[in-house]
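Accompanying notes for the structure given below.
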Amino acid sequence: MDSQFTIVIADDHPLFRGALYQAVHMAISDAQLLEADSIDSLAQLLAAHAEVDLLLLDLKMPGANGFEGLVHLRGQYPDLPIVVVSASEDPAIITQVLRLGALGFIPKSSPLQQLVTALNAVIAGDTWLPEGISLQSEYEDGPDLASKLASLTPQQYKVLVMLRDGSLNKQIAWELNVSEATIKAHITAIFRKLGVKNRTQAVIALQQMDIKDD
């Protein structure tokens, strides 16, 4: 394998990061490994390292909010290969992950050797899924909605997330250190890009990227 591979492990559980770290080194002995434990730290890391060959992304890492983190990353880094790692093995979630542009899906329950096999497959350019998974035909609107969300700029995405969290324009402006007029302009652009007419519809669109717990 190419010794110049740079791989990012994005997961908030140190034990699982350790397991992935070990699996990566078994697949590529001298890969450069970088770690992040939240979406914010991942964003800083990706901004500082332009040449990342593979991102291993936990869907429920702090700040990820289900599919939102994946959608945002696909929009900001369309050429970055992403493989989702998750405790869930729901075929509907796996289907959505692939629809949103991930190269593969690795359950956290996978034994070490299976992690190595999965990593070797995606590094070789193949899509990897757990054996026995039957993909669903759900989420028909997923790709279109995902592409709309991915079209938001990083600042617009932050504003939308803060709208989802119930923040007022004044609060958002203070948090982002801009004027209320700028926030209003961002919100107008968000509505246009998402094809919605008000805050409620915009928030619902973002919430559709969430993962519902059983």
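The values are calculated or read from the model by the stated rules, or taken from the named source; none is laboratory data. Quantities reported herein were computed from a predicted structural model and do not represent experimental measurements. Every residue, glycine as well, gets a Cβ built from its backbone with ideal geometry; the counts of neighbours run over all protein chains shown. These accessible areas exclude ligands, DNA and RNA; they are computed on the full protein's heavy atoms, side chains included. Shrake-Rupley method; radii C 1.70, N 1.55, O 1.52, S 1.80 Å.
The table that follows gives values for the structure above.
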quantity: Checklist (1) open to solvent by less than 40 Å² (accessible area, probe 1.4 Å); (2) outside any helix (DSSP H, G or I) applied to PRO62, failing item; calculated: (1)
quantity: Where VAL161 falls short, out of the listed (1) within 22 Å of the chain's Cα centre (by Cα); (2) more than 23 Å from ALA92 (Cβ to Cβ); (3) open to solvent by 50 Å² or more (accessible area, probe 1.4 Å); (4) modelled with pLDDT of 80 or more; calculated: (3)
quantity: Leading residue by the ranking (nearest to ALA124 (Cα to Cα)) among those in region 35-50 that are in contact with a strand residue (DSSP E or B) (Cβ under 6 Å, 6 or more places away or on another chain) and outside any helix (DSSP H, G or I); calculated: GLU35
quantity: Cβ-Cβ under 6 Å pairs, at least 6 apart or on other chains, region 113-129 side within 15 Å of PHE16 (Cα to Cα), far side of a type in the set (Lys, Arg) and not in a loop (DSSP other than H, G, I, E, B); calculated: none
quantity: Helices (runs of 4 or more DSSP H) contained entirely in region 148-200, each with at least 3 residues that are touching a residue at least 24 places away in the same chain (Cβ under 8 Å) and under 21 Å from ARG74 (Cα atoms); calculated: 154-164, 180-194
quantity: Scan of region 73-98 for residues that are part of a helix (DSSP H, G or I) and buried (at least 18 other Cβ atoms within 10 Å of the Cβ), ordered by number; calculated: LEU73, ARG74, GLY75, ILE93, ILE94, THR95, GLN96, VAL97
quantity: Selection within region 175-192 - open to solvent by 60 Å² or more (accessible area, probe 1.4 Å) and either within 15 Å of ASP165 (Cβ to Cβ) or not small (Gly, Ala, Ser) (or both); calculated: GLU175, ASN177, GLU180, LYS184, THR188, ARG192
quantity: Region 7-34, residues that are part of a strand (DSSP E or B) and open to solvent by less than 10 Å² (accessible area, probe 1.4 Å); calculated: ILE7, VAL8, ILE9, ALA10
